[in-house]
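Notes to accompany the following structure.
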Amino acid sequence: MKTRHLFSEAIYWIHSASVSGTSLFKQESDTEFFKKRLEKYLGEVCDIIAMSLLEDQFNILLRIKPRLD
């Protein structure tokens, strides 16, 4: 997989929707699982500013943390 450069302190909007309205989050436990995975994989590099998790789509607004070089 190619690594893409993220700009320090930049703000990104992430959107994804299911195909033909299929449910992404069928139960409350699905949304909790998703949020925990976001924190696990993105927590070190960004802060989540806002999040909307709907049954068939999600939107996330995040800010890349400053680099500690």
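The values are calculated or read from the model by the stated rules, or taken from the named source; none is laboratory data. Just so we're clear, the structure is a prediction, and the values are computed from it rather than from any experiment. Virtual Cβ from ideal backbone geometry, glycine too; neighbours counted across all protein chains shown. Note: areas computed on protein heavy atoms with side chains; ligands, DNA, RNA excluded. Shrake-Rupley method; radii C 1.70, N 1.55, O 1.52, S 1.80 Å.
The table below lists the values:
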quantity	calculated
List F34, F25, F7, ordered by accessible area with a 1.4 Å probe, largest first	F7, F34, F25
With at most 15 other Cβ atoms within 10 Å, longest stretch of the chain clear of loop trypsin sites (Lys or Arg not before Pro) (DSSP)	27-66
In range of the label at E55: residues from the stretch 19-39 whose backbone nitrogen is under 15 Å from the point 7 Å along Cα→Cβ	19-31
Relative contact order %, the chain, counting alpha carbon pairs below 8 Å whose residues are six or more apart	47 percent
Pairs of alpha carbons in the chain whose separation is greater than 13 Å (percent)	70 percent
Computed lengthening from K40 to L68, 0.36 nm per intervening residue step minus Cα-Cα distance	8.1 nm
